[in-house]
Amino acid sequence: MTAPAVHLQQTALNPVHRRMGARMVPFGGWDMPVEYSGIIPEHLAVRRAAGLFDVSHMGELDIRGPQALDLVQWVCCNDANRLAIGQAQYSGLMTEHGTFVDDLLVHKMADDHYWLVVNAANTEADFAHIEAHNRFDAKVANWSARYAQLALQGPRALEILQPLTATALAAIRYYWFAHGQVLGVDAIIARTGYTGEDGFELYFDPQHAERLWTAILAAGETAGLIACGLGARNTLRLEAGMALYGHEIDDATMPWEANLGWICKMTKPGFLGQERLKAAKAAPPARRLVGFEMTEPGIARDGYPVLSAGDGNPSAAAVGRVTSGSPAPFLGKNIGMAYVPPAAAQPGTQLKIGIRQRSVGAVVTPLPFYRRGTGSAPGDASAERKAGGNAAAPPA
């Protein structure tokens with residue numbers, strides 16, 4: 001019997017991506033571009049100049065009402081009470097067990113209005129989860145269909161975007177946002193991103209998506225801006241040590257294991273999973289998320305086993321698993337992240353990765369692998385710029 005066809009959602013730019021010759025793949029229930037000119041050139045463009053991503057598959061949930069803050073505080077582990085109007089924070093949407101329903105960005109629109117940007121595949125489940133725990137005077141709405149989202153990322157993002165808007169982009173601090181217009185189109189302009197670079201994420205009515213996409217690409221052509229797909233987005237976030245839901249975090253993962261304790265504010269009033277988190281924090285975790293780089297030829301892909309460093313038998317029992325792994329185009333290394341026992345989590349610890357019946361050497365490396373303004377690709381003097389900051393650890 002033939003399996004039923006899976007219906008994939010499409011962003012407003014889907015016909016444009018196809019006209020541009022993008023390679024399209026299913027992702028989180030969406031038909032999305034994975035690459036245009038190739039993952040490596042797209043990755044390097046973002047590190048050296050700028051890249052433009054269609055990320056309109058992401059979900060947007062709206063929470064309003066006198067107790068909107070109380071609801072956000074109850075379902076999320078970070079402290080949204082610290083936010084000023086116009087500020088965003090990275091947070092976790094939590095289960096009763098202190099694990100992740102999702103990771104998300106919380107934006108404070110007003111004292112009684114919060115706006116959440118969530119992962120595409122989790123949007124409906126996130127909405128249902130928040131609704132199920134809404135015992136407050138607040139209304140939750142799924143507004144995902146109202147927004148297209150473009151991410152303009154890279155060291156030249158500001159100079160490319162500024163001529164297209166009257167909003168003073170330099171005045172928008174990292175993890176803040178402003179309401180403005182881009183080419184006359186009303187937009188939320190957020191200085192956020194998922195690449196480890198400076199840049200902006202634009203949210204606006206989908207009917208304007210093709211116009212803005214085309215105009216931004218044209219405006220940045222001489223500065224080295226190119227269209228980028230989800231393949232480069234993944235390798236960029238991996239270099240920057242950023243977690244990906246379903247890989248580094250999921251509904252079986254606690255923040256302490258995933259190096260995300262900094263988004264878990266245990267001193268704020270009660271929130272979902274807080275008691276479980278307190279108990280878990282008092283005892284050493286059974287595993288820790290680490291970064292590693294390969295010391296022998298080989299690429300450690302997602303799901304590959306981590307073996308004891310002293311065991312050269314590729315059939316030996318795994319002591320951990322790779323959550324994300326790939327070549328790092330800018331750094332010129334093969335890198336990854338993995339869960340390992342605490343005894344193997346110290347930087348410099350030698351590991352073995354099981355790769356196609358081989359036991360291949362690796363070493364634990366501090367995260368993130370790449371920070372803005374540091375590191376360089378072989379022979380790339382332009383990488384020694386001073387952008388400052390660290391996109392892998394946004395401010396609270």
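Exactly one of (1) within 17 Å of the chain's Cα centre (by Cα); (2) under 23 Å from residue 187 (Cβ atoms) is unmet by residue 10. Its number?
All conditions pass for residue 10, except number (1).
Scan the stretch 123-152 residue by residue and report those that are assigned to a helix (DSSP H, G or I) and not hydroxyl-bearing (Ser, Thr, Tyr).
Result: 124, 125, 126, 127, 128, 129, 130, 131, 132, 145, 146.
Could you list, in sequence order, all residues of the stretch 319-370 that are assigned to a loop (DSSP other than H, G, I, E, B), farther than 19 Å from residue 232 by Cβ and free of Cβ contacts under 8 Å to residues at least 60 places away in the same chain?
Of everything in the stretch 319-370, those that are assigned to a loop (DSSP other than H, G, I, E, B), farther than 19 Å from residue 232 by Cβ and free of Cβ contacts under 8 Å to residues at least 60 places away in the same chain turn out to be 319, 341, 345, 346, 347, 348, 349, 356, 357.
Here is a list of conditions, (1) touching a residue at least 60 places away in the same chain (Cβ under 8 Å); (2) within 30 Å of residue 153 (Cβ to Cβ), and residue 274 meets all of them except one; can you say which number that is?
For residue 274, the exception is condition (2).
Being more than 16 Å from the chain's Cα centre (by Cα) and under 25 Å from residue 174 (Cα atoms) is the filter here; which residues of the stretch 95-111 pass it?
Hits for the stretch 95-111 are 108, 109, 110, 111.
For residue 85, indicate whether it is open to solvent by 20 Å² or more (accessible area, probe 1.4 Å), outside any strand (DSSP E or B) and within 27 Å of residue 179 (Cβ to Cβ).
So residue 85 fits the description; yes.
For the stretch 153-162, does any single residue satisfy the condition of being in a strand (DSSP E or B), closer than 26 Å to residue 127 by Cβ and either open to solvent by 50 Å² or more (accessible area, probe 1.4 Å) or modelled with pLDDT of 95 or more (or both)?
no
The values are calculated or read from the model by the stated rules, or taken from the named source; none is laboratory data. Note that the structure is a prediction, hence the values are computed from the model and not measured. Cβ atoms come from the backbone with ideal geometry, glycine included; neighbour counts cover every protein chain shown. All accessible areas refer to the heavy atoms of the entire protein, side chains included, with ligands and DNA or RNA removed. Shrake-Rupley method; radii C 1.70, N 1.55, O 1.52, S 1.80 Å.
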